[in-house]
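The values are calculated or read from the model by the stated rules, or taken from the named source; none is laboratory data. As the structure is a computational prediction, the values presented were derived from the model and not from experiment. We place every Cβ from the backbone using ideal geometry, glycine too, and count neighbours over all the protein chains shown. Please note that ligands, DNA and RNA were not included when accessible areas were found on the heavy atoms of the full protein model with its side chains. Shrake-Rupley method; radii C 1.70, N 1.55, O 1.52, S 1.80 Å.
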Amino acid sequence: MGEKVAAYGIDLAERERYRRKLHECLEGLGRLLSEKRFDRPRNLMGLEIELNLAGADGLPRMMNSQVLERIASHDFQTELAQCNLEVNILPHRLSGRVLDQLAEELRTGLGYAERKAREVAARIVMIGILPTLHADDLTAASLSENDRYVLLNDQMRAARGEDFALDIQGVEHLVSHSPSIAPEAACTSVQLHLQVTPGRFAAVWNAAQAIAAVQVAVGANSPFLFGRELWRESRPPVFQQATDTRPPELQAQGVRPRTWFGERWIDSAYDLFEENLRYFPPLLPLCDPQEPLRVLDEGGVPDLAELVLHNGTIYRWNRPVYAVTDGVPHLRVENRVLPAGPTVADVIANTAFYYGLVRALAEEPRPVWTRLPFSAAASNFDTACRYGIDATLQWPRAGRAGGLTEIPAVRLVRTELLPLAARGLDAWGVEPADRDYYLGVIEERCRRRANGASWQAAAFHHARRQGLDRHAALAAMTRRYSELMHAGQPVHTWPVAWPVGDRAAVTVPRQATTGGG
């Protein structure tokens, strides 16, 4: 279908049919929910990680097709740009030694991918944004060879009607323009899936939204883009602006961006899918032959293909997912907040913190989202992205008095949220030794005020003090990051200072159009 549309375009009748089918899919979802047709509780989780390809010089390598050909595993797939890959870990039951099992599978898979990448002079780098990327690296020509990406780019360009603009004021100021959505590919993330029953969906999604800022604060790992030091977690503003199909006039009118935190707590998964139809016009109107309501009338389970496709073009930080496995439908919350990296140990620590905390908060008798205004959760998210481990957040005050208080993220995590996360992991039945080790990684990050973003910034400035120019320092820092990432010790243990070696000029791309120092 993607090839057909790319070749012949999308006519008006096809768009109208797609819109009709979208509403039929939403009606079908409502019927499935009311008829209680969904899978029973399984305590299943899933994990996806987006990766970067770089050379021994630390600069991006646009060669995912060559690397994937050598990896030859369905666990690894293309991502938006040719410098990206994605690795998918099969679903696991949240219990027992699941955290160590995930860590071992990731180490094995990434180690294998690294060996295969080296056959074509590339390296696997697990990092939120590759610091050495330049605007010229991310153009329409650098998109992966996949008809869906080409079509998505064409449709988003047509909807916007002008270049996509990045304008981010952080430690420094970045201004950059692109005629394509390719700058979105700078952002590589960890996606955490949790299968939930319809009755628990709203509580889990609300809990995930409430803690999104805390996840970012302790896990930030994306402080640089196009040669500029921006926010400690720059992925959210980059992703929002790089996918923003609204021209300035629609932005001024308050039309919602397709990368969206949301604006309210929910009562049902249906709320999110309904909002997606109400607020966002379709980008990829590709109709599936299945008629969802007819399938339901005949006692079957529809794929709701149009609804699923539309949902995939709206980039919520906690996204609802509908899927059918072995003829049985299920719902998942897909948590998209975290950047990739720095190490397997750090990724699994972030994973343990999320699953433990979301379980505990979803089961509290007086849920946090009844005491935390949604606007405060959204503001917290923005603050955490800007300041990372040094963020100060708004949080419900303990006791009956209620109200909000401002508290440093590291203190909130250490005094209140880590004990909750431990309780949640116990409720899942996770092995206590694994629980203590991985939550201990989060504890140490908070105690030392050190995470991937703080290490990158400190290491970059160390290289600058050693006499390297800006781009040589970013390349040197990226090479050092890659070495420490593959060594595997958690990022809070990484030394900032190291011998930067040859101070001769490093071949780097030209500067983006920027402001700032």
State to the nearest 20 debye the size of the charge dipole of the chain about its Cα centre, where the only charges are +1 on K and R beta carbons and -1 on D and E beta carbons.
-> 1380
Coarse-grained scattering of the chain at q = 0.07, 0.12, 0.13 Å⁻¹, given as base-10 log I(q)/I(0) from a Debye sum over alpha-carbon atoms = -0.37, -1.17, -1.39
Net length gained if the chain between Leu12 and Thr415 were fully extended (0.36 nm per residue, minus Cα distance) = 139.4 nm
Determine the gain in length on full extension of the stretch Arg40-His173; use 0.36 nm per residue of separation and subtract their C-alpha separation, reporting nm with one decimal.
-> 42.9 nm
Charged-residue dipole, Cβ positions (Lys, Arg, Asp, Glu), the range 46-179 about Cα centre, Debye nearest 20 | 440
Cα→Cβ-extended label distance, 7 Å offset, between Thr139 and Arg465, nm | 3.9
Charge tally for neighbours of Ala202 with beta carbon under 10 Å away, counting Lys, Arg as +1 and Asp, Glu as -1, is -1
Positive-end residue, the chain charge dipole about Cα centroid, Cβ charges, pick of Ala212, Tyr18, Val328 | Ala212
Using only protein heavy atoms and a 1.4 Å probe, report how much of Arg366 is accessible, in Å² to the nearest 10.
-> 120
Charge dipole of the range 117-268 built from unit charges on the beta carbon (Lys, Arg +1; Asp, Glu -1), centred at mean Cα; most positive-end Cα among Phe224, Leu194, Gln241 is Leu194
Relative contact order for the chain: what is it in percent, counting Cα pairs under 8 Å that are at least 6 residues apart?
-> 21
When you take every Cα atom in the range 229-306, what is the radius of gyration, and what is Dmax, the widest Cα pair distance, in Å?
-> 17.1, 57
Evaluated at 10 °C with a viscosity of 1.306 mPa s, what Stokes-Einstein diffusion coefficient in µm²/s does the range 368-495 have when Rh comes from the Kirkwood expression over alpha-carbon pairs?
-> 93
About the Cα centre of the range 181-324, how large is the charge dipole given +1 on each Lys and Arg Cβ and -1 on each Asp and Glu Cβ? Please answer in debye to the nearest 20.
-> 600
Relative contact order (percent, whole number), the range 352-422, Cα cutoff 8 Å, 6+ residue spacing | 39
Environment charge of Thr245, counting only residues whose C-beta is closer than 11 Å and scoring Lys/Arg +1, Asp/Glu -1 | +3
Extension length gain for Asp163 and Thr370 (0.36 nm per residue less Cα distance), in nm, is 70.4 nm
Debye-sum result for the range 95-161 in log10 I(q)/I(0), which assumes one identical scatterer on each alpha carbon, at q = 0.16, 0.29 Å⁻¹ = -0.85, -1.17
Using the charge dipole of the range 430-495 (Lys, Arg: +1 at Cβ; Asp, Glu: -1 at Cβ; taken about the Cα centre), state which of Trp455, Gln489, His471 has its Cα farthest towards the positive end.
-> His471
Starting from the Cα of Arg93, step 7 Å along the direction of its Cβ; do the same at Asp326; then give the gap between the two resulting points in nm.
-> 1.2
How much of His471 can a 1.4 Å solvent probe reach, expressed as accessible area in Å² and rounded to 10?
-> 40
Which net charge results for the neighbourhood of Arg40, defined as the other residues with beta-carbon distances under 15 angstrom from its beta-carbon, given Lys and Arg at +1 and Asp and Glu at -1?
-> +3
Any chance you could look up the accessible area of His492 with a 1.4 Å probe, heavy atoms only, rounded to 10 Å²?
-> 20
Set the Förster radius R0 to 56 Å, insert the Cβ-Cβ distance between Glu298 and Asp382 as r into 1/(1 + (r/R0)^6), and round the FRET efficiency to 0.05.
-> 0.75
For the chain, calculated [θ]222 nm from helices alone, where every DSSP H run of n ≥ 4 adds -39500 (n - 2.57) | -14000 deg cm²/dmol
